[in-house]
Amino acid sequence: MSKFKKFGMTAGISLTLLLAACGGSGETSTDNGQASGTDNLGESLDYTITGIEPGAGISGQARKTLEEYENLEGWQVLESSTAGMLGALDAAIKNEEPIIVLGWTPHWMFSAYDLKFIEDPKGTFGGAEDIQTIARIGLEEDLPEAYTILDLFHWEPADMEAVMYEAEDKGTPIEDAAKNWVDQNTDKVNEWTDDVEKVNGEKIELVTTQWDSELASVYVMEEVLTQHGFEVTITPVDPAVVFQAIATGEADASLAPWLPSTHGAFFEEYKEDIVDLGPNLTGTQNGFTVPSYMDIDSIEDLPAKE
Ligand code: PBE
């Protein structure tokens, strides 16, 4: 945690220096007749989007965005970590400085800060998506009880957010927040488990990505399956490895894929060797995200680099 804070501070300081450095030149170097407001925005951001881990699906979408929008030629995505990006966002907001991050929902960032997605007229971030459950071929025969529960598992963005917000607000470990959610939502849980017989210590391995949204769902599933008599192992990996592990049968199931766009390339690669159990949540979104005080509404309006 202290490491993340440090990163955020460093990012804040360098951005401040950058703004100071740009102060003079930004005023004098505009000879192309464009509105100086947006020119300054590009310069003050150093034509940089603050991103997350390079292996994230949203990072691939961001690279595609830079390719497809002509005005973004010369812009770059700074790939780092989710914690680093959130630290930079926090520092920028404290100083009311401009910043563009790779944001997504469900995530607590939208409740912690006043943020907006900027429009994506070319749709490179895929619009509204689902989170889907996938299983290895043969799981239905080998562990029919788990397969049925996984297949029936479906919840709302508000449910997932309840787990994430408790973890973020109160500092509850997300695993415990997930257990609390299961305790408080027996009606919903019963819909997934009611007609399924309990088992006696059968082993099941779930793979997940490490973002809070997917930790929330996988820990809820861990609790539900454990209460049903399973011995659950959870392995956190990169998105590409989620699909690979299910396709090769090294892992049994995952609740982590964002489809059809975010992880679409991985899904295409492995879909013949994966069983698709459909959405477990509907209504996610990814995109360039800015604090609401910023005067920019569309990716198309970002100024081209000179
Ligand atoms: N995310 C959150 C992930 C999936 C969940 C949008 C950062 C990704 O881009 O792979």
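The values are calculated or read from the model by the stated rules, or taken from the named source; none is laboratory data. Computed from a predicted model, the values in this text were never measured in an experiment. Glycine gets a Cβ as well: all are built from the backbone with ideal geometry, and neighbour counts include every protein chain shown. Note: accessible area is taken over every heavy atom of the protein model, side chains too, but ligands, DNA and RNA are not part of it. Shrake-Rupley method; radii C 1.70, N 1.55, O 1.52, S 1.80 Å.
Here is a check on your reading of the model: is ASP183 of a type outside the set (S, T, N, Q), over 23 Å from the mean Cα position of the chain (by Cα), in a helix (DSSP H, G or I) and within 23 Å of GLY283 (Cβ to Cβ)? Working first, answer last.
Details: of a type outside the set (S, T, N, Q): yes; over 23 Å from the mean Cα position of the chain (by Cα): yes; in a helix (DSSP H, G or I): yes; within 23 Å of GLY283 (Cβ to Cβ): no.
It is false that ASP183 is of a type outside the set (S, T, N, Q), over 23 Å from the mean Cα position of the chain (by Cα), in a helix (DSSP H, G or I) and within 23 Å of GLY283 (Cβ to Cβ).
Could you go through segment 5-24 and let me know if any residue there is at pLDDT below 50, part of a helix (DSSP H, G or I) and basic (Lys, Arg). Walk me through how you get there before you give the answer.
Initially, segment 5-24 is screened for residues at pLDDT below 50, giving 5-24.
Checking which are part of a helix (DSSP H, G or I) leaves us with 5-24.
With the extra rule that they be basic (Lys, Arg), the set shrinks to 5-6.
Scanning segment 5-24 turns up at least one residue that is at pLDDT below 50, part of a helix (DSSP H, G or I) and basic (Lys, Arg).
Say we look at segment 222-239 and pick out the residues that are buried (at least 18 other Cβ atoms within 10 Å of the Cβ) and within 16 Å of the ligand (Cβ to nearest atom); which of these is farthest from the chain's Cα centre (by Cα)? Walk me through it before giving the result.
Initially, segment 222-239 is screened for residues buried (at least 18 other Cβ atoms within 10 Å of the Cβ), giving 222-225, 228, 230, 232, 237, 239.
Add one more test, that the residue is within 16 Å of the ligand (Cβ to nearest atom), and what stays is 237, 239.
Numbers: VAL237: 14, PRO239: 11 Å.
The extreme case among them is VAL237.
Could you check segment 251-262 and list, in sequence order, the residues that are small (Gly, Ala, Ser) and open to solvent by 10 Å² or more (accessible area, probe 1.4 Å)?
Hit for segment 251-262 is SER261, nothing else.
When you look at PHE230, is it out of contact with any Ser or Thr (no Cβ under 9 Å at 6 or more places or on another chain) and under 29 Å from ASN180 (Cβ atoms), yes or no? Outline the logic, then answer.
Values: out of contact with any Ser or Thr (no Cβ under 9 Å at 6 or more places or on another chain): yes; under 29 Å from ASN180 (Cβ atoms): yes.
It is true that PHE230 is out of contact with any Ser or Thr (no Cβ under 9 Å at 6 or more places or on another chain) and under 29 Å from ASN180 (Cβ atoms).
Which condition breaks for LYS305 when tested against (1) buried (at least 19 other Cβ atoms within 10 Å of the Cβ); (2) away from the ligand (no atom under 16 Å from the Cβ)?
Checking LYS305 against (1) buried (at least 19 other Cβ atoms within 10 Å of the Cβ); (2) away from the ligand (no atom under 16 Å from the Cβ), the one that fails is (1).
What is the number of the single condition among (1) away from the ligand (no atom under 16 Å from the Cβ); (2) closer than 21 Å to TRP258 by Cα; (3) open to solvent by less than 30 Å² (accessible area, probe 1.4 Å); (4) in a loop (DSSP other than H, G, I, E, B) that LYS122 does not meet?
For LYS122, the failing item is (3).
Taking the condition of being within 13 Å of ASN280 (Cβ to Cβ), of a type in the set (Asp, Glu) and open to solvent by 60 Å² or more (accessible area, probe 1.4 Å), how many residues in segment 133-180 meet it?
As a first pass, look at segment 133-180 and keep what is within 13 Å of ASN280 (Cβ to Cβ): 133-135, 149-157, 159-160.
From the residues that got through so far, the ones that are of a type in the set (Asp, Glu) too are 151, 156, 159.
From the residues that got through so far, the ones that are open to solvent by 60 Å² or more (accessible area, probe 1.4 Å) too are 151, 156.
Residues meeting the conditions: 2.
Can you list residue pairs whose Cβ atoms sit under 6 Å apart, with the first residue in segment 101-126 being farther than 20 Å from LEU45 by Cα and the second being open to solvent by 40 Å² or more (accessible area, probe 1.4 Å) and more than 14 Å from the ligand (Cβ to nearest atom)? Count only pairs 6 or more apart in sequence or on different chains.
Listed pairs, sorted by first residue: TRP108/TYR165; TRP108/GLU168; PRO121/GLU300; LYS122/GLU68; THR124/GLU68.
Criterion first (modelled with pLDDT of 95 or more and more than 27 Å from GLU161 (Cα to Cα)) does LEU66 satisfy it? Even if it seems obvious, please write down each step before you answer.
Details: modelled with pLDDT of 95 or more: yes; more than 27 Å from GLU161 (Cα to Cα): yes.
The answer is yes for LEU66.
Which residue out of ALA247, ALA265 is open to solvent by 10 Å² or more (accessible area, probe 1.4 Å), within 16 Å of the ligand (Cβ to nearest atom), farther than 30 Å from ASP114 by Cβ and more than 14 Å from the chain's Cα centre (by Cα)?
On the way: ALA247 fails: within 16 Å of the ligand (Cβ to nearest atom).
None of the other options fit; the residue is ALA265.
Does VAL199 qualify as being more than 16 Å from VAL275 (Cα to Cα), free of Cβ contacts under 8 Å to residues at least 60 places away in the same chain, of a type outside the set (Ser, Thr, Tyr) and not in a helix (DSSP H, G or I)? Steps first, answer last, please.
On the way: more than 16 Å from VAL275 (Cα to Cα): yes; free of Cβ contacts under 8 Å to residues at least 60 places away in the same chain: yes; of a type outside the set (Ser, Thr, Tyr): yes; not in a helix (DSSP H, G or I): yes.
Taking the combined requirement at face value, the residue satisfies it.
Just name the residue that is farthest from THR172 (Cα to Cα) out of those in segment 99-118 that are away from the ligand (no atom under 13 Å from the Cβ) and open to solvent by less than 30 Å² (accessible area, probe 1.4 Å).
Result: ILE118.
Can you work out which of the residues in segment 194-211 that are among the β-branched types (Val, Ile, Thr) and surrounded by 19 or more Cβ atoms within 10 Å (Cβ to Cβ) is farthest from LEU102 (Cα to Cα)?
Just the residues of segment 194-211 that are among the β-branched types (Val, Ile, Thr), to begin with: 196, 199, 204, 207-209.
Pick out the ones that are also surrounded by 19 or more Cβ atoms within 10 Å (Cβ to Cβ) and you get 204, 207-209.
Numbers: ILE204: 33, VAL207: 24, THR208: 20, THR209: 17 Å.
Here the answer is ILE204.
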